[in-house]
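Single-structure report; data block below.
The values are calculated or read from the model by the stated rules, or taken from the named source; none is laboratory data. In this text the structure is predicted, and so the values were computed from the model without any measurement. Note: ideal-geometry Cβ built from the backbone for every residue, glycine included; neighbour counts use all protein chains shown. Side chains are part of the model used for accessible areas, which takes the heavy atoms of the whole protein and leaves out ligands, DNA and RNA. Shrake-Rupley method; radii C 1.70, N 1.55, O 1.52, S 1.80 Å.
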Amino acid sequence: MIVSKSFFVSIIAQASKTGGTTGKLFGAMYVYQVNYQMPFNDFFKQLLSFKKNLITCSTISRSAKFLKAYQAWVSAQTYLNWTGPFFKAYHYQRAGMPAQLRVQVISEDSVKGALLFYEPSIGADNFNFLFDLLKDRVQQQGYKLHSASKLKIRHERYTEQAEKLLLTPPASDLPDSSLCNQLYGNILLDYIKVNKLPGYIRFATNSYNDAYFSKPLPFDELLELTLQPKEQYLK
């Protein structure tokens, strides 16, 4: 999966306003811009391979204040401002058409999904809540939260934050068969920030291509179940 270089340029521009993102970050970005066909995973491996980085890992936890605000946000259906537009933007991107919001399609052998890019018009709090909404709606499909970790990578002149969720399908066989029912496969939800500035949410499925597993259900179907583009405000 290839990531548009324009996204990283915009992250640099935003992060520089909070103290300047220079040195190694600019060097890494230059490498990526020169070879912008570098696969996304390879680029981040290179970015994280610089020496003197301090990486800390912890379990994701939400404060009572966050949860209260999130529940009010869900109750007010504020998410409808972006769930439908992101769903539309995903399909517009697949068709090669411009859209209101930025989305990049992920399509690899066993990984399907989308990157949902942050826009200042969305607002940081709304984007934070959107990440949790996606997690909650995936769980509504019977998935279990297998792990929830938070990484902080301190570079010389900037800090990267990543919240990473892994959700797995319930253990069951496909009806009338001995195949393991993997539904959509394992679901990966990542939320990436630089200097605490929102960057993007990765929403993807990682399936098994194995004779003992069922054929994975399409990601497009999962995206529709989670973003629910036909949902309307309650009266």
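Some observations on this one:
- Evaluation of PRO175 against (1) of a type outside the set (Lys, Arg); (2) within 17 Å of the chain's Cα centre (by Cα); (3) open to solvent by 60 Å² or more (accessible area, probe 1.4 Å); (4) over 17 Å from LEU133 (Cα atoms) (one fails), failing number: (2)
- Residues in segment 192-226 that are touching a helix residue (DSSP H, G or I) at 6+ places or on another chain (Cβ under 8 Å) and in a loop (DSSP other than H, G, I, E, B): ASN195 only.
- Residues of segment 156-168 that turn out to be open to solvent by 20 Å² or more (accessible area, probe 1.4 Å) and assigned to a loop (DSSP other than H, G, I, E, B), as a count: 2
- Some residue of segment 49-61 being crowded, with 18+ Cβ neighbours inside 10 Å and under 17 Å from ARG202 (Cα atoms): no
- Checking every residue in segment 210-227 against the condition of being touching a residue at least 12 places away in the same chain (Cβ under 8 Å) and on the phi > 0 side of the Ramachandran plot gives zero matches.
- Every residue from segment 111-126 that is hydroxyl-bearing (Ser, Thr, Tyr) and surrounded by 15 or more Cβ atoms within 10 Å (Cβ to Cβ): TYR118
- When residues of segment 67-90 are limited to those that are part of a helix (DSSP H, G or I) and without any contact (Cβ under 8 Å) to a residue 40 or more places away in the chain, the one least open to solvent (accessible area, probe 1.4 Å): ALA89
- Sole residue being in contact (Cβ under 8 Å) with a residue 24 or more places away in the chain and in a loop (DSSP other than H, G, I, E, B), chosen from LEU189, LEU130, LEU183, LEU116: LEU183
- Complete set of residues in segment 174-217 that are of a type in the set (Val, Ile, Thr) and modelled with pLDDT under 95: VAL194
- Lone qualifier among ILE122, ILE106 - being touching a Lys or Arg at 6+ places or on another chain (Cβ under 8 Å) and at pLDDT 95 or above: ILE106
- Within segment 91-110, considering residues that are part of a strand (DSSP E or B) and open to solvent by less than 20 Å² (accessible area, probe 1.4 Å), the one farthest from ASP220 (Cα to Cα): VAL103
- Counting the residues of segment 142-155 that are within 18 Å of the chain's Cα centre (by Cα) and open to solvent by 50 Å² or more (accessible area, probe 1.4 Å) gives 5.
- Among the criteria (1) assigned to a strand (DSSP E or B); (2) at pLDDT below 95, the one ALA171 does not fulfil is (1).
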